């Protein structure tokens, strides 16, 4: 007798969405995040004097490389061959923050939101790693989707940014 | 004639810190992050009704698995074989946030802060992925180190948490 | 003089099949395997009391994640971006076995049999790992293809299952 | 108010065992599995005439390479740098089976059972892949630990092999 | 005030080319490299007596497997699912060199030159590894593209090979 | 009856060297390679004007990241956690070549020659990729070990460099 136990269904469910009925469309997504640090770390970052090297160069590459492997970091994501992935980093003097923006695009059956978010997260972690010897209190925050387009749900754009409590 | 160009030195520098003179000590690190979502997504998460499956189970595993491969995400990190990595997720009803905490430990020449932070980031990204069909406006924030111990710089603990603007 | 040695041809040959003349079709495959264990381990698995955690949740994810990287496990497999991959686990009280079934699908030039089999194998290995502290004598067996469709050879279904000696 | 929901504890638990109190010892493990096929496939394998190439060479390498990355396939495994990993394959004419044996060793805080089992599984999958064009009904079975030594629980050897129903 | 620092633009730039406007065409590339060694190492290689095993078999597989993951080795490469990848190795008695040739093909928006070159490089490194116990002075050289076709720039073939200084 | 076929032994042999009897010592290795290109590509590289970005920054990171994963590219290598890995790139105007040098070190039971060589190869491939739109005839050559120390065989240094035919 084969018995499917209750907890099999209730707990630990996990499924990749079946996209076999979907047709590829052009997908785009833009995501953003911020790495806030103390004055000393921010100054060294701005002047490209961090001891481990050129933090912006390293972070940008970290973002690009991680995005290509999104399906390895996010368990239920489909593998998506990207047409384009770009990471830009702006330095916000007033808030002492590096603002990381990633744009992803692909012609595929699934969206590329996670690819953009993975790129942002990896770039932020790399910045953290480059600056952590100077400031252990660095915070990564406001990692969020700014916009996406393509697919069944079409275009979505984030409303005016709420800053409080990120 | 061999000419080392200026930009070789100024731009694109990147180095793994040389730890060959360091001795292994017991290292620990605790990091935390928060995933904030709208009421509908939070309720489905809390009641384990998200369509893609058991979000907490998936996120926990995503964190553990990513942490073991920290050196692949973060370009200048050393490979560190972890003794322990644990991810816990608490649900904060008032803020409609999942709070992800990761503890890492190893007996090694380098610290495990990045391992804890990578675990948090990957778990947060997995939660995002599980809930994004319900709320596209989810925000990952306040990803930061809570404490670390071991190594040359010894114990460090974060001061009272600042919440504003993460 | 260029000399192609005999052993070059005879030994160590290995080639990816050239699929450049094939057109993508809808591919499906279903595979299955069984993890047999002693009464104590099976009871703890059934009651979700194994010390390392929720074994069915972990095994399911292990299967999904490994399947996406089939081309890394199996040297001569082509990379196939999956449309769908699902792992279900049934508990067979009489045989004290967890029965792992994986379904894979893709629209691609090559089949997805190996993806389904890799998912089953990885899920079985994860179950083994979760339960091995209770029973070192666990056996993984009867890993086989149940059916496949699509491609030049079309539909194939396994005949009535032979159970003896797997 | 922070509320830890019930299902957080009950479902989806997963933890890497904390080995930070353990001392490294010499660990060894031997695992085995069998790939059974029809007469035609077995003959081509035996005579090294399978179209995709030298199946034994490919399978051996697949096993070695997968074992080094055990922590990527098995979610809760620790990363273990192996001292040695060897895969041997014997051909059993009577049962038309390739018998894959893997031996792993390391001086480490955790055992290497999973490394040996992953090597066996990957080698079996590679054999399957090499021969599947000739026989779709191939079965991988009897994947099990033969012996292990080292660590707190010391030496363990499998009793006389039960063959029925693997 | 948001300030984009000068060094952000000048240093550390890195971008994946945006191929979203390109259409897939059939791409092919052939690359070659040579591994030169001393007489003793070359003789053992030719007679398949190197202690670590069948060097040609291992090198061929190393090339195939690395090529499938080109986007992980080469930071700004797009992921390309290959239709075909073949590695052949010829032994040149006069120059005591193994000549590694890789052919790659795909129907894709980007070329497969890097896939062919990665296959050659990985196969050469594997040969080096197999023979290094016999000759530490082995040299890998003349790694270059022989031809490519497909895409906007069409067919390209290398002119007569210059051998001096590779 | 179990029959070990002849070709099992003769063909496709592959083994990781058993290092379980070795003790860790300090290992170092230095390797070098050269990427030769035409005048136009070399000028753009020198002036950091290649369209894909800062080629030296990208190549350096490519080398560091690949070296950490040497055991994935070179099938029979042991996993070695590196203490240090540094890639430097010098531009040789006369030969229009980028000279890539990698130094690796670890306290481990096996040497780090392959890690240094993998770093060089990956950095050279990345340079190739950055410049290939300007010159398809780029050649990677003279990839070789300059020195190594540690382990049973102790220190080894390459004799005066032979340049002809690399």
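The values are calculated or read from the model by the stated rules, or taken from the named source; none is laboratory data. What you see is a predicted model; the values in this text were computed from it and never measured. Cβ atoms come from the backbone with ideal geometry, glycine included; neighbour counts cover every protein chain shown.
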Go through region A:134-155 and report how many residues are on the phi > 0 side of the Ramachandran plot and surrounded by fewer than 16 Cβ atoms within 10 Å (Cβ to Cβ). 1
Quickly run through region B:139-166 and pick out the residues that are modelled with pLDDT of 90 or more, more than 30 Å from residue B:129 (Cβ to Cβ) and part of a loop (DSSP other than H, G, I, E, B). B:150, B:151, B:154, B:155
One residue is enough: does region C:17-38 have a residue meeting the conditions assigned to a loop (DSSP other than H, G, I, E, B) and farther than 30 Å from residue E:28 by Cα? yes
Please go through region A:54-64 and give me each residue that is farther than 19 Å from residue B:66 by Cβ and either in contact (Cβ under 8 Å) with a residue 24 or more places away in the chain or assigned to a helix (DSSP H, G or I) (or both), ordered by number. A:55, A:56, A:57, A:60
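Report yes if some residue within region F:21-35 is over 23 Å from the mean Cα position of the chain (by Cα), surrounded by fewer than 21 Cβ atoms within 10 Å (Cβ to Cβ) and at pLDDT 95 or above; otherwise report no.
No, region F:21-35 contains no residue that is over 23 Å from the mean Cα position of the chain (by Cα), surrounded by fewer than 21 Cβ atoms within 10 Å (Cβ to Cβ) and at pLDDT 95 or above.
Consider residue B:98 carefully, then state whether it is modelled with pLDDT of 95 or more, in contact with a strand residue (DSSP E or B) (Cβ under 8 Å, 6 or more places away or on another chain), more than 7 Å from chain D (Cβ to nearest Cβ) and farther than 27 Å from residue B:154 by Cβ. Let's see the steps before the verdict.
On the way: modelled with pLDDT of 95 or more: yes; in contact with a strand residue (DSSP E or B) (Cβ under 8 Å, 6 or more places away or on another chain): yes; more than 7 Å from chain D (Cβ to nearest Cβ): yes; farther than 27 Å from residue B:154 by Cβ: yes.
Yes.
Quick one: would you say residue A:67 is closer than 18 Å to residue B:66 by Cβ, without any contact (Cβ under 8 Å) to a residue 40 or more places away in the chain and in a helix (DSSP H, G or I)?
Details: closer than 18 Å to residue B:66 by Cβ: yes; without any contact (Cβ under 8 Å) to a residue 40 or more places away in the chain: no; in a helix (DSSP H, G or I): yes.
Taking the combined requirement at face value, the residue does not satisfy it.
Name the one entry in D:51, D:126, D:102 that is more than 21 Å from residue F:109 (Cα to Cα) and part of a helix (DSSP H, G or I). Give the derivation first.
Values: D:51 fails: part of a helix (DSSP H, G or I); D:102 fails: part of a helix (DSSP H, G or I).
Exactly one of D:51, D:126, D:102 is more than 21 Å from residue F:109 (Cα to Cα) and part of a helix (DSSP H, G or I), namely D:126.
Looking for whichever is more than 14 Å from chain E (Cβ to nearest Cβ), modelled with pLDDT under 95 and more than 30 Å from residue E:63 (Cβ to Cβ) here; the options are C:38, C:48. Which one fits? Full working, then the answer.
Details: C:38 fails: modelled with pLDDT under 95.
One residue alone meets the criteria, C:48.
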All-but-one check, residue A:158 against (1) within 17 Å of residue B:136 (Cα to Cα); (2) surrounded by fewer than 24 Cβ atoms within 10 Å (Cβ to Cβ); (3) facing chain B (nearest Cβ under 7 Å); (4) touching a residue at least 24 places away in the same chain (Cβ under 8 Å), failing number (4)
From the list E:131, E:126, pick out the single residue that is buried (at least 21 other Cβ atoms within 10 Å of the Cβ) and either in contact with a strand residue (DSSP E or B) (Cβ under 7 Å, 6 or more places away or on another chain) or under 13 Å from residue E:66 (Cα atoms) (or both). E:126
Verdict on residue A:53 being more than 14 Å from chain C (Cβ to nearest Cβ), closer than 26 Å to residue A:126 by Cα and modelled with pLDDT of 95 or more: no
Taking region A:36-49, which residues are touching a residue at least 24 places away in the same chain (Cβ under 8 Å), surrounded by fewer than 21 Cβ atoms within 10 Å (Cβ to Cβ) and out of contact with any strand residue (DSSP E or B) (no Cβ under 8 Å at 6 or more places or on another chain)? A:38, A:39, A:40, A:44
When every residue in region C:56-68 that is within 7 Å of chain A (Cβ to nearest Cβ) and closer than 25 Å to residue D:17 by Cβ is compared, the one surrounded by the fewest Cβ atoms within 10 Å (Cβ to Cβ) is C:64
Residues satisfying the stated conditions in region C:115-148, i.e. at the interface with chain D (Cβ under 9 Å from one of its Cβ atoms), in contact (Cβ under 8 Å) with a residue 40 or more places away in the chain and over 23 Å from residue A:13 (Cα atoms): C:133, C:137, C:138, C:139, C:141, C:142, C:144, C:145, C:148
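Going by what's in this entry, would residue F:107 be described as within 11 Å of chain E (Cβ to nearest Cβ) and under 28 Å from residue B:72 (Cβ atoms)? Walk me through it before giving the result.
Details: within 11 Å of chain E (Cβ to nearest Cβ): no; under 28 Å from residue B:72 (Cβ atoms): yes.
Here the answer is no, as residue F:107 does not meet what is asked.
Looking at region F:70-87, which of the residues that are more than 7 Å from chain B (Cβ to nearest Cβ) and in a loop (DSSP other than H, G, I, E, B) is surrounded by the most Cβ atoms within 10 Å (Cβ to Cβ)?
Step one: of region F:70-87, the residues more than 7 Å from chain B (Cβ to nearest Cβ) are F:70-80, F:87.
After this cut, where a residue has to be in a loop (DSSP other than H, G, I, E, B) as well, the list is F:74-80.
Details: F:74: 24, F:75: 29, F:76: 23, F:77: 25, F:78: 21, F:79: 19, F:80: 23.
Top of the filtered list is F:75.
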